[in-house]
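Participant: So that we are looking at the same thing, I have put the structure below in C-alpha cells.
The values are calculated or read from the model by the stated rules, or taken from the named source; none is laboratory data. Not measured: the values here are computed from a predicted model. Heads up, the Cβs are rebuilt from the backbone with ideal geometry, glycines too, and the neighbour counts pull from every protein chain shown.
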C-alpha cells in the first residue's frame, strides 16, 4: 500500500535551519515535513479466528487542518486495504462471529447535510456506534439519535451491543433547565450519570437500511412507541429498541460482558470527568438483563482493561503506572496486574515478582496470560503464572498492543525500535513473539533517510543511585565527543524513554539529532521501569529530587567528554515542562530552553488540574496541609535566578496543566526582561491533537529557538 506524501509549503519552513547532511552517509537527514507527516498506528484487533485484523491509524490532513482516523482491514489473501473512508473512525471491535466490525465515528448520517469530507455538521455531530461487514459494504449506524457513546462491547453471542451514554434530557427537561438557568454552568450539579443500554443489532441494522431522513425516522419512532403503549419521558431521546440495563449515578468508562452472557462488568468514573479521587473509579457487576448494579470493589486504584476468564468467574484487569494500587492507600507505583473473583470480590495480584512496570495484557484461549513489561529502556512480553513472570523470546526494542484471538492461538502485536517505525505483526505461536509476520509497512521514508545512532547511558546520583537514560547521536556521529547537547525530558513522570519509535510534536528527539544535536533523555527518579522504590523516591520533592538526577547526568556527560559544556540546551513538555521550568532556576549553564504545558507553582495548579489527587500525593498533602513544600518546590518563587532565553508553548484549553501557568511564566519572564516567546494553540488541550499545524509550528519554532541561541 502507499501513503501520499504531503508537500508542506516552502513558506512554512523559511525560518527553520536546513537539517544537517553528514558526509559519512549517502542518505539525507529526515526533514521536519517528513518527520511530522508520520502515520501512527493507534489500534490493532485480531478477528476471532485469527485470520484477519482491523488496524486503526492516525495521520495529519494538512489541508483540512485536522487528523484523519482511518480503519484498515488486513487479510492474508489481500493484504492491507482501506475499510472506512470518512477519516473519523476509532475504537473498532470485531463481532464474535467475525462477520462484522463495530466502530465509533462522528460521520454524518444519511439524509443529513455533510461537509466535503463527509463529516457531520457541528449541530448534528455525535460519536455513534457504526457497523460494517468485514467482507465489504457500507457502514450503518446502530442508532440515529444524537448520543455520544462513552464505551461499548458486543454481547458474547453477537446479537446485541451494550453501550453507555449520558442520561439524555427530554425536550421538556431541556426547556425547563434553559428557562431556569439560562447559560449558567452549575459546576457539579448539572452533570448527569450514564445509562447502560443494550440494543439488538439485527433490528437496528434493518431500520438503518431504510435510509430515512432524521425527522421522519424520529416521528415514526415516537408513533411506534405510542401505539405499543410504551411512551415514556425518555422515548423521544433514546434509540428505538434500546433496553436500559442500568441507570447510573456515575460515568461508565469500560464495559465487559461475561462469556456466559449472564453478567456485565463495568468500570465507573466521576460524572464531572475530573480525576479528583481514585476511589471514584470502581468496578460494578450487573445482570445482563438489567437490575441493580453491585459494587465489586472500593479501593485507591484505577482499574482498566477488564477481561473475563473463560469460566465467567475471574475478571482480569490492570492498574496502570501512577494509577495507584488496590492493596491500600494511594501511592504512585508502577503498573500492576490483578484478577478478582466476581462472586466474592477477593483479588490476587499477578506477576508480583516482576521488578518493572506492567503495561497491558491479554488472555490466551487456554486461560494463560501474556503481559507487556517495561524494564529500563525496553518493553518485552512475559508469560504470567501467579506471582511469577517469565520473559518470552523477543526482538530488541519494544512491544505494544497485545491481542489474542477468541478461537485461535495467534497473537497480534506491535513492535518498534528507536530508529525502526512501529508496525503491526502476527505471531502464529504466542510463546514465540520473536517469530513475526509483518502486516503493515508504514512510514518507509525513515529507512530512506540517514539513521541516528544511540546507546544507553548510566550515571551515579549524589545518593549512590544508578540512573539510566538514552543518548541519541547525530547520524554518523556515534560516540563523537564535544557535541552540543539538548537535554529533552519526558513527561509523566511515570514514563521512561527508551528503545521505541516516536515521531510527533511531543517526542521529536530523533529529529533534533538529525539536526545536529546530541540528545540526552534522562529516566530520572519517578520514572517507571526501574522498580517501585525508584518511582516513589520522587515524593514529596516533586521537582528538586529528579532535578538533581538530571543535572548530575548532564555533569557526567560533560565529564565523559560527550557534551560541550558551552553548548547545552534543555526542554520538555508536561512534566518535562515542570522540570525545565525548575532547572532554569537552578543553573544558568543552559543557553536556551524550550518548555510546554509545565507548571511554575503548585497551589493554583492543584486547583485547576483535572488530576488533583496525584499532585497532593507528590507534595505530601493539599496546599494548606503542606504550604511550605508547595512553595519550596515551585519554580515561580526562584525566578529571580533565571537568565536562560526561554520559548513557551501551551494549549489554550489545557485543563491538565492550566493555560494560566504558561501565562504566569510569560509574565515573570517579561518582568525580568529575559528573552522569550509564548505560543498559545487555540482549542488544544494538554495534547495537541486537534490541528496538525499546531504541532508542526511548535517543533519548527523550538528547533529555530535552540539554533538561534546555541548555533553549531
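Participant: I'd like the full set of residues that are part of a strand (DSSP E or B), farther than 19 Å from residue 394 by Cβ, within 26 Å of the chain's Cα centre (by Cα) and at pLDDT below 95, limited to segment 322-374. Talk me through it step by step, then tell me what you get.
Facilitator: We begin by selecting, within segment 322-374, every residue part of a strand (DSSP E or B); these are 322-324, 336-341, 347-350, 357-363, 369-374.
Subset that is farther than 19 Å from residue 394 by Cβ: 322-324, 336, 338-341, 347-350, 363.
Then keep just the ones that are within 26 Å of the chain's Cα centre (by Cα); that gives 322-324, 336, 338-340, 349-350, 363.
Residues satisfying the conditions are 322, 323, 324.
Participant: Answer yes if at least one residue in segment 21-30 is in contact with a strand residue (DSSP E or B) (Cβ under 8 Å, 6 or more places away or on another chain), under 30 Å from residue 453 (Cβ atoms), surrounded by 15 or more Cβ atoms within 10 Å (Cβ to Cβ) and at pLDDT 95 or above, and no otherwise.
Facilitator: Going through segment 21-30, the residues in contact with a strand residue (DSSP E or B) (Cβ under 8 Å, 6 or more places away or on another chain) turn out to be none.
No, segment 21-30 contains no residue that is in contact with a strand residue (DSSP E or B) (Cβ under 8 Å, 6 or more places away or on another chain), under 30 Å from residue 453 (Cβ atoms), surrounded by 15 or more Cβ atoms within 10 Å (Cβ to Cβ) and at pLDDT 95 or above.
Participant: Okay, next question. Out of all the residues in segment 57-77, which are more than 23 Å from residue 504 (Cβ to Cβ) and at pLDDT 95 or above?
Facilitator: Within segment 57-77, the first condition is being more than 23 Å from residue 504 (Cβ to Cβ), and the residues that meet it are 73-77.
Answer for segment 57-77, where residues must be more than 23 Å from residue 504 (Cβ to Cβ) and at pLDDT 95 or above: 73, 74, 75.
Participant: Output the strands (runs of 3 or more DSSP E) that fall wholly within segment 515-633 and possess 3 or more residues being surrounded by fewer than 18 Cβ atoms within 10 Å (Cβ to Cβ) and modelled with pLDDT of 95 or more, or say none.
Facilitator: Ranges flagged: 563-573.
Participant: Could you tell me whether residue 404 is surrounded by fewer than 17 Cβ atoms within 10 Å (Cβ to Cβ) and touching a strand residue (DSSP E or B) at 6+ places or on another chain (Cβ under 9 Å)?
Facilitator: Details: surrounded by fewer than 17 Cβ atoms within 10 Å (Cβ to Cβ): no; touching a strand residue (DSSP E or B) at 6+ places or on another chain (Cβ under 9 Å): yes.
The answer is no for residue 404.
Participant: Scan segment 682-692 and give yes if some residue there is over 16 Å from residue 594 (Cα atoms), part of a helix (DSSP H, G or I) and over 19 Å from the mean Cα position of the chain (by Cα), otherwise no.
Facilitator: Within segment 682-692 (the criterion being over 16 Å from residue 594 (Cα atoms), part of a helix (DSSP H, G or I) and over 19 Å from the mean Cα position of the chain (by Cα)), the answer is no, since none of the residues qualifies.
Participant: Let me spell it out: the conditions are (1) without any contact (Cβ under 8 Å) to a residue 60 or more places away in the chain; (2) in a strand (DSSP E or B); (3) over 19 Å from the mean Cα position of the chain (by Cα); (4) farther than 14 Å from residue 44 by Cβ, and residue 409 meets all of them except one. Which number is the exception?
Facilitator: So the condition that residue 409 fails would be (1).
Participant: Identify all residues within segment 456-478 that are touching a strand residue (DSSP E or B) at 6+ places or on another chain (Cβ under 7 Å) and without any contact (Cβ under 8 Å) to a residue 24 or more places away in the chain; write none if there are none.
Facilitator: Passing the criteria: 458, 466.
Participant: Sticking with this structure for a sec: Of all residues in segment 671-681 being farther than 19 Å from residue 576 by Cα and touching a residue at least 24 places away in the same chain (Cβ under 8 Å), which is farthest from the chain's Cα centre (by Cα)? If you could, list the steps in order and put the result at the bottom.
Facilitator: Of all residues in segment 671-681, those farther than 19 Å from residue 576 by Cα come to 671-675.
If we keep only those that are touching a residue at least 24 places away in the same chain (Cβ under 8 Å) too, we end up with 672, 674-675.
Values: 672: 37, 674: 35, 675: 34 Å.
Here the answer is 672.
Participant: Please list, ordered by first then second residue, the pairs with beta carbon atoms under 8 Å, 6 or more apart or interchain, first in segment 265-282 and in contact (Cβ under 8 Å) with a residue 24 or more places away in the chain and at positive phi, second in a strand (DSSP E or B) and crowded, with 19+ Cβ neighbours inside 10 Å.
Facilitator: Sorted first by the residue in segment 265-282, then by its partner, the pairs are 273/251.
Participant: Do we have any residue at all in segment 487-500 that's within 17 Å of residue 574 (Cα to Cα), assigned to a strand (DSSP E or B), at pLDDT 95 or above and more than 22 Å from the chain's Cα centre (by Cα)?
Facilitator: Applying the first criterion (within 17 Å of residue 574 (Cα to Cα)) to segment 487-500 yields 487-497.
Narrowing further to those that are assigned to a strand (DSSP E or B): 487-489.
After this cut, where a residue has to be at pLDDT 95 or above as well, the list is 487-489.
The next check asks that each one be more than 22 Å from the chain's Cα centre (by Cα); those that pass are 487.
Yes.
Participant: Taking the options 619, 583, 636, name whichever one is under 31 Å from the mean Cα position of the chain (by Cα), without any contact (Cβ under 8 Å) to a residue 60 or more places away in the chain and under 19 Å from residue 524 (Cα atoms).
Facilitator: Values: 619 fails: without any contact (Cβ under 8 Å) to a residue 60 or more places away in the chain; 636 fails: under 19 Å from residue 524 (Cα atoms).
Just a single option satisfies the conditions, and that option is 583.
Participant: Within segment 634-658, how many residues are outside any loop (DSSP other than H, G, I, E, B) and in contact with a helix residue (DSSP H, G or I) (Cβ under 9 Å, 6 or more places away or on another chain)? Steps first, please.
Facilitator: Taking segment 634-658 as the starting set, the residues that turn out to be outside any loop (DSSP other than H, G, I, E, B) are 635-641, 646-651.
Of the ones still in play, those that are also in contact with a helix residue (DSSP H, G or I) (Cβ under 9 Å, 6 or more places away or on another chain) are 635-639, 646-651.
Residues in segment 634-658 being outside any loop (DSSP other than H, G, I, E, B) and in contact with a helix residue (DSSP H, G or I) (Cβ under 9 Å, 6 or more places away or on another chain): 11 in total.
Participant: When only residues in segment 283-296 that are buried (at least 18 other Cβ atoms within 10 Å of the Cβ) and in contact (Cβ under 8 Å) with a residue 40 or more places away in the chain count, which is nearest to residue 613 (Cα to Cα)? Break it down into steps so the answer makes sense when it comes.
Facilitator: First pass over segment 283-296, keeping only residues buried (at least 18 other Cβ atoms within 10 Å of the Cβ): 283-286, 288, 293, 296.
Still in the running and in contact (Cβ under 8 Å) with a residue 40 or more places away in the chain: 283, 285-286, 288, 293, 296.
Numbers: 283: 19, 285: 26, 286: 29, 288: 34, 293: 27, 296: 22 Å.
Out of the qualifying residues, it is 283.
Participant: Another question, if that's okay. Collect the residues in segment 132-168 that are surrounded by fewer than 22 Cβ atoms within 10 Å (Cβ to Cβ), touching a helix residue (DSSP H, G or I) at 6+ places or on another chain (Cβ under 8 Å) and under 18 Å from residue 45 (Cα atoms), keeping them in residue-number order.
Facilitator: 158
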